[in-house]
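Novice: Got a structure here, written out as structure tokens. Questions coming.
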Amino acid sequence: MSDSTPWSQPMPDAQFKLMRDILAAPSPVGLEAAMTYGVLKPHFDSFAPKSWHLHQFRGNAGVVLDTHPGRDDMFKLMIIGHADKIRMQVRSIGEDGKIWINTDSFLPTVLIGHEVKLFSEDPEAPGSYRSIEGGTVEALGAIHFSDPAMRDGSKGLKKEQIYLDLQIHGENKKQQVLNLGVKPGDSIIFDRPIRHGFSPNTFFGAYLDNGLGCFVTSEIARLIAEAGGTEQVRVMFAIASYEEIGRFGSRVFAGELKPDALIGVDVNHDYVAAPGIGDKRMQPLEMGKGFTMAVGSIASEQLNRVIAQAAKEHDIPMQRDIVGVDTGTDGMAGVLASVDSAATSIGFPIRNMHTISETGNTQDVLAAIHALTHTIQSLDKLPDIKREFLDNHPRLDQASPLSHQGSEKPESEKDDDKDS
């Protein structure tokens, strides 16, 4: 692999800042417009040719940047990241000023002591929101108030114990909270922008899931625009909503725009570093070793073949991810929307998913960006792209017999051993 390739270099500062801005946008489930309209739409406007079109939607704040609007005669490829972040929300307000919250998709134990932002609709101006900073998520208050089983770790926290502490004190504590306009249903998210990690090419913070997929999607769009666009492929760069609660936003996109092929872009797990799962025999996906490609019942072998070939031709590191019957990502949008679409999912292994310290590797992210950019360009060169997908489903009845191959490692693996 050449040391001059983007995916073997540190991410440039300007690109890292864009990634940071996308991930920092406050976009809890159902309120994604801060990312889609506040960060990504201006970014799209900065490079998209005038002939491209941004689709907007009534029922959600998702957007789709379309290279050839209206051209249903072309082969349509949709690439999807999702803007929605898992959130906490206000459940009730106690007489002592505690704000009891629902924790949704978080483990209760990963929340304690962390700073958050609360977003509350102005009761005097519906549709306008205010933010409250400086609160922390708590449960017991201090070790002194916990029973022995909680002190030694044999008993855990219950989600019903989690509350937001705004340091309220004095008289009429509940009224102090009510006077702020805080009410049940208000959204709460972590206050932790990403920053560079200690090890080279690493970064950490909240909500890599899945601002990273949105960042990758937007950077592919920029590279395709800078390369002059496409001739045969109508590419739809989609930023979806509602992924975390059932992938509802992306299935609307697929139902409305009916892509012929669809690629979900989302975070994946670093199974090598994950504690306590050795007996599950997971595939050894690992941060820092390239992007991941879904392989399984739902993943299109034709589409995967094009992606894998593009990665191989350009020496872009790739790892195979075994997904079985469900990718767990927006790669399922076509199936869920009953649209005939070849589909797969691309990702990057991260650690500590759904915590305040999600950790990733910039080179994996860059590998995904450039692999999918080359994939689009490869698709665009096919002589009859629609027939390519219609006629070339793998035929296992035509599989050639394979005999024993000996015990020597292939030369390529020997070279890898020398490099490691």
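No lab work stands behind these numbers, since they all come straight from the coordinates. Please read all numbers here as calculations on a predicted model, not as lab measurements. Note: ideal-geometry Cβ built from the backbone for every residue, glycine included; neighbour counts use all protein chains shown.
Novice: Hand me the trypsin sites (Lys or Arg not before Pro) from the stretch 261-313 located in a DSSP loop with no more than 15 other Cβ atoms within 10 Å, in residue order please.
Specialist: Answer in residue order: R281.
Novice: Mind grabbing the base-10 log of I(q)/I(0) for the stretch 297-346 at q = 0.32 Å⁻¹? Debye formula, identical points on the C-alpha positions, no solvent, two decimal places.
Specialist: Log10 I(q)/I(0), no solvent term: -1.27.
Novice: Using the Karplus equation 6.51 cos²θ - 1.76 cosθ + 1.60 (θ = phi - 60°), what ³J(HN,Hα) coupling, rounded to whole Hz, does each residue of the stretch 213-226 give in order, writing x for Gly and Pro?
Specialist: x, 5, 4, 4, 4, 5, 6, 4, 4, 4, 5, 5, 4, 5
Novice: Stick to Cα atoms and the Kirkwood definition of Rh, then tell me Rg/Rh for the stretch 88-190.
Specialist: 1.00
Novice: I need the phi-derived Karplus couplings for the stretch 125-131: 6.51 cos²θ - 1.76 cosθ + 1.60, θ = phi - 60°, integer Hz, Gly and Pro marked x.
Specialist: Karplus-based 3J(HN,Hα) across the stretch 125-131 equals 9, x, x, 9, 10, 10, 10 Hz.
Novice: Please work out how much length the chain gains when fully extended from F57 to D45, using 0.36 nm per residue of separation minus the C-alpha to C-alpha distance, in nm with one decimal.
Specialist: Result for the pair: 2.6 nm of gain on full extension.
Novice: Sticking with the crude label model, points 7 Å out along Cα→Cβ, report the distance from M282 to H393 in nm, one decimal please.
Specialist: 3.2
Novice: Here is a further query. Once amide H atoms are placed 1.01 Å from N in the peptide plane, what residues at a sequence separation of 5 or more from N268, or on another chain, have their amide H within under 5 Å of its amide H?
Specialist: The list, which skips near neighbours in sequence, is F348, I350.
Novice: Oh, and also: If you filter the stretch 312-420 for GluC sites (Glu not before Pro), then keep DSSP loop positions with at most 12 other Cβ within 10 Å, what is left?
Specialist: E408
Novice: Below 8 Å between Cα atoms, with a sequence gap of 6+, how large is the relative contact order for the stretch 88-190 in percent?
Specialist: With pairs under 8 Å counted, the relative contact order is 43 percent.
Novice: Distance from the Cα centre of the stretch 218-250 to that of the stretch 114-159, in angstrom?
Specialist: 36
Novice: Further, regarding this structure: Measuring from centroid to centroid over Cα atoms, what is the spacing of the stretch 12-41 and the stretch 49-64 in Å?
Specialist: So the two Cα centres are separated by 16 Å.
Novice: Nearest 5 percent is fine: what portion of the DSSP beta bridges confined to the chain is antiparallel?
Specialist: Taking every DSSP beta bridge with both residues in the chain, the antiparallel ones total about 60 percent.
Novice: Residue by residue, what Karplus-based ³J(HN,Hα) values in Hz, rounded to whole numbers, does the stretch 254-262 have, using 6.51, -1.76 and 1.60 with θ = phi - 60° and x for Gly and Pro?
Specialist: Working through the residues one at a time gives 5, x, 6, 9, 6, x, 7, 9, 9 Hz.
Novice: How much length, in nm to one decimal, is gained on full extension between D326 and K312, taken as 0.36 nm per residue of separation minus their Cα-Cα distance?
Specialist: Once the chain is fully extended between D326 and K312, it gains 2.5 nm.
Novice: D for the chain, whole µm²/s, Stokes-Einstein with Kirkwood Rh over alpha-carbon pairs at 4 °C and 1.567 mPa s: what number?
Specialist: This corresponds to a translational diffusion coefficient of 56 µm²/s.
Novice: Treating only the Cβ atoms of Lys and Arg (+1) and Asp and Glu (-1) as charged, compute the dipole magnitude of the chain about its Cα centre; round to the nearest 20 debye.
Specialist: 580
Novice: Test of the criteria: in the stretch 94-129, which GluC sites (Glu not before Pro) are in a DSSP loop and have at most 12 other Cβ atoms within 10 angstrom of their Cβ?
Specialist: Qualifying residues, ordered by number: E95, E124.
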